[in-house]
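Every read-out reported here was derived from the displayed coordinates using simple, explicitly stated rules and does not represent laboratory data. Since the structure is predicted, the reported quantities are computational estimates derived from the model, not experimental observations. Heads up, the Cβs are rebuilt from the backbone with ideal geometry, glycines too, and the neighbour counts pull from every protein chain shown.
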Amino acid sequence: MDSLITENRNVFDFVLSRLKNIPRADLESTLKFLPYSYIEKFLYYLEHFIRKEKEIEMVVKCLYLILKSYESQLASSQSMVRIIYSLNMFARKKLQNYKVCLPLSVVGYDRV
C-alpha cells in the first residue's frame, strides 16, 4: 500500500493498471477464475471506470465476461442485480457516444 502513496496513485488507478497488464487473450480465463467473493468489489471498480470514461472497451468486455461466467449467482442476489443494472445503464450511455466514432457492424450495435 505504501507504493500506492509514493506513486501518488489511488486504488482505482492501481486496479486499472493491473487490469491493463493482463493480456487481452488471457482476460477471459483470468476473470473466469476470479473468486465470486471478489466479483461485487470488481463490479464496483468497473462502474467507477465507466463513470469516469476510463478504458470503456476493456471495461465492457470485462463486464460481458463476468456476466457470462457468473450469470446464475449474480441473478440470485438483489444487490448484484442493482449493480448490474447500473453498470448496464452507464455502459449503454457511454457507448452511445462511441457509436458515432467507431465503425462497428450492425450486429455489434445490437448487442450494446
- Task: Multiply the residue separation of Asn21 and Phe42 by 0.36 nm, subtract the distance between their alpha-carbon atoms, and state the gained length in nm to one decimal.
- Result: 6.0 nm
- Quick calc: nm separation of the 7 Å Cα→Cβ label points for Glu57 and Gln96 -> 2.2
